[in-house]
Amino acid sequence: MRTLGIGLLGLGNVGSGLVKLLEDNAEAIAARLGARLEVRRIAVREVDKPRMVEVDRSLVTTDVEAVLADPAVQIVVELVGGEVAAREFVLGAIERGKHVVTANKALLAAHGDEIFNAAERRGVDIFYEASVCGGVPLIRALRDGLASDKIDEFIGIVNGTSNYILTRMADEQRPFDEILADAQAQGYAEADPGLDVDGWDAAHKLCVLCSLCFGARVPVTEMLVDGLREIAPIDFDYARRIGCVLKPLVIGRDHASDIEARVHVAMIPERWLLATVSGVFNGVYVSSQALGPSLYYGRGAGMMPTAVAVVSDVIEVARDILSAASSGLPLRLRIRDWRERPVRPRGELVSRFYLRFRVRDRPGVLAELDGVLAREGIAVREVSREVGETVILTTQAAREQAMQRAFEGFARIDAVLERPRLIRMMD
Ligand code: HSE
């Protein structure tokens with residue numbers, strides 16, 4: 001039986017999971033693939049660092065170039081993360097005619113065009129199943145399962161760390177920082193957890209999803225991106241009272257004229273299936289014209305779930321290599337064109353809003369808040385005076401730009417003690 005060689009860049013959480021899966025399930029993989037997969041070189045930053053798996057020390061090097069240039073390596077798996085070095089490594093691998101598997105959504109969001117073009121020119125594959133929703137085979141479902149369909153909209157929970165934090169804040173009323181530390185200890189969070197909690201990791205994934213679903217290149221700089229640092233226990237209480245839960249969402253919509261792309265926490269009705277996607281789990285609801293609604297659910301982060309997705313890509317590349325070897329046909333390319341499509345400006349996006357104020361308790365303050373909103377054409381739906389200095393207002397649907405102007409108005413009211421907190425609502 002033929003053996004194909006893997007060069008691994010990075011031996012952290014996911015790299016260790018890959019080594020473990022290839023060892024534990026070697027026979028089953030060989031039976032399914034008709035070939036063996038072997039890790040032949042591993043590039044790391046520090047050779048002597050303790051690892052989660054045992055590997056042959058002679059395979060480990062700090063010299064990435066040695067891995068890329070090794071003729072025994074046919075498939076390079078990039079798991080170093082980040083954008084700058086990863087770009088160089090991936091382009092270096094492509095240049096040497098290696099197929100590439102990556103889990104790096106930040107890299108694809110920032111340099112996808114360049115990388116896919118380079119791969120196309122060189123006739124090698126780029127696979128990236130683990131870049132969105134970890135172990136859930138979402139990329140394959142979108143690329144292959146829905147290849148004949150037209151996707152109009154998707155709404156997803158694609159950042160496990162944010163979902164884990166919001167779920168535990170809702171269940172346990174524990175502070176944000178403590179729960180984030182747990183997520184880091186369990187290997188869910190990015191090396192820079194700001195990427196998770198400020199929405200950028202989800203934005204990178206949204207970029208990948210927009211390209212797959214709409215054939216559109218949506219730069220993260222053009223998306224509405226908002227994180228979850230300002231969510232407080234009282235927001236969960238209010239959501240519960242109105243039959244909602246708080247979820248960290250990505251939303252993509254193809255409006256034909258333009259693309260809507262946003263990342264933010266939203267209050268969603270608890271009867272939605274997405275409302276039951278809890279903890280580190282991810283879920284993506286997709287609406288397409290022929291199939292209708294479909295939902296993809298599973299573990300979106302963590303060592304073994306992400307490794308499952310990476311190895312699935314390695315197996316697919318290996319199949320391509322084997323089929324090309326047997327048929328003499330060129331390797332198939334599965335590269336989707338990223339077209340320039342207009343992105344709906346952030347200010348034009350429409351939502352209902354939940355606003356939490358801290359106000360000095362004096363007569364007329366509610367009328368002043370309502371007055372500011374009314375001047376921007378925003379209608380109040382409900383008003384709730386909470387204990388202490390807190391007032392909560394929910395609004396009817398309004399544009400982001402109108403709400404932004406209303407915030408300037410709130411800042412001019414002396415009874416408003418701090419910048420109000422805002423959560424978007426969906427129903
Ligand atoms: N930090 C990411 C998450 C890892 O929490 O979803 C998986 O991409």
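Neighbours of TRP200 by Cβ distance under 15 Å: Lys/Arg scored +1, Asp/Glu scored -1, total -4.
Could you estimate the translational diffusion coefficient of segment 346-425 from the Stokes-Einstein equation, with Rh from the Kirkwood formula over C-alpha pairs, at 10 °C and 1.306 mPa s, in whole µm²/s? Here the translational diffusion coefficient equals 128 µm²/s.
Let's test the formula: R0 of 30 Å, r as the Cβ-Cβ distance of ASP370 and ARG241. What FRET efficiency results, to the nearest 0.05? Here the calculated transfer efficiency is 0.90. The slack between THR276 and ARG229, meaning 0.36 nm per residue of separation minus the straight C-alpha distance, is 14.7 nm. Label-to-label distance for SER327 and GLU95 is 3.2 nm, based on points extended 7 Å past Cα in the beta-carbon direction. Quick one: in segment 42-149, what % of C-alpha pairs are over 26 Å apart? The share of Cα pairs beyond 26 Å in segment 42-149 comes to 22 percent. Label zone (SER58, point 7 Å along Cα-to-C-beta; backbone nitrogen cut-off 18 Å) within segment 1-22: 5-8. For the chain, the solvent-accessible area of protein heavy atoms averages 43 Å² per residue (probe radius 1.4 Å; ligands and nucleic acids excluded).
For the pair segment 41-80 and segment 288-306, the centres of their Cα atoms are 31 angstrom apart. Of the solvent-accessible surface of segment 139-298, computed with a 1.4 Å probe over protein heavy atoms with every protein chain present, carbon and sulfur atoms account for 52 percent. Each semi-axis of the equivalent ellipsoid for segment 139-298 is √(5λ) with λ an eigenvalue of the Cα gyration tensor; in descending order they amount to 27, 17, 14 Å.
Counting Lys and Arg as +1 and Asp and Glu as -1 over every other residue whose Cβ lies under 10 Å from the Cβ of PHE89, the net charge comes to -2. Dipole magnitude for segment 346-425: about 180 debye, using +1 per Lys or Arg Cβ and -1 per Asp or Glu Cβ, origin at the Cα centre. The three principal axes of the C-alpha atoms in the chain carry coordinate ranges of 81, 47, 35 Å, sorted with the longest axis first. Treating r as the C-beta distance of VAL350 and ARG140 and R0 as 25 Å, the FRET efficiency rounds to 0.15.
Here's the picture: charge each Lys and Arg Cβ at +1 and each Asp and Glu Cβ at -1 in segment 139-298, and of LEU295, PRO233, MET267 the one pushed furthest to the positive end of that dipole is LEU295. When each full DSSP H helix of the chain is screened for a Cα extent of at least 18 Å along its own axis and an average Kyte-Doolittle hydropathy of at least -1.0, the helices passing are 105-122, 200-214, 303-327.
When the helices in the chain are scored as -39500 (n - 2.57) per DSSP H run of 4 or longer and the sum is shared across all residues, what 222 nm value do you end up with, to the nearest 500 deg cm²/dmol?
Value at 222 nm, helices only: -11000 deg cm²/dmol.
Each label point was placed 7 Å from the Cα along the Cα-to-Cβ direction; for GLU83 and SER384 their separation is 3.9 nm. Where does the charge balance sit around PRO420 when Lys and Arg score +1, Asp and Glu -1, over other residues with C-beta under 11 Å from its C-beta? Spelling it out: positives minus negatives among the neighbours equals +2. Charged side chains reduced to their Cβ positions (Lys and Arg at +1, Asp and Glu at -1) give the chain a dipole of some 660 debye around its Cα centre.
The label-point distance for ARG32 and ALA66, in a model that sets each label 7 Å from Cα toward Cβ, rounds to 3.3 nm. Just want the answer: with Cβ charges of +1 for Lys and Arg and -1 for Asp and Glu, which residue in VAL124, ILE165, GLY187 is farthest toward the dipole's positive end in segment 122-206? Positive-most Cα among the choices belongs to VAL124. Working from Cα pairs under 8 Å separated by at least six residues, relative contact order for segment 1-142 is 22 percent. Simple rule: put +1 on each Lys or Arg Cβ and -1 on each Asp or Glu Cβ in the chain, find the dipole, and look at THR62, ALA93, CYS244; the Cα lying farthest toward the positive end is CYS244.
The values are calculated or read from the model by the stated rules, or taken from the named source; none is laboratory data. Keep in mind the model is a prediction, meaning the values are calculated, not measured. Heads up, the Cβs are rebuilt from the backbone with ideal geometry, glycines too, and the neighbour counts pull from every protein chain shown. Note: areas computed on protein heavy atoms with side chains; ligands, DNA, RNA excluded. Shrake-Rupley method; radii C 1.70, N 1.55, O 1.52, S 1.80 Å.
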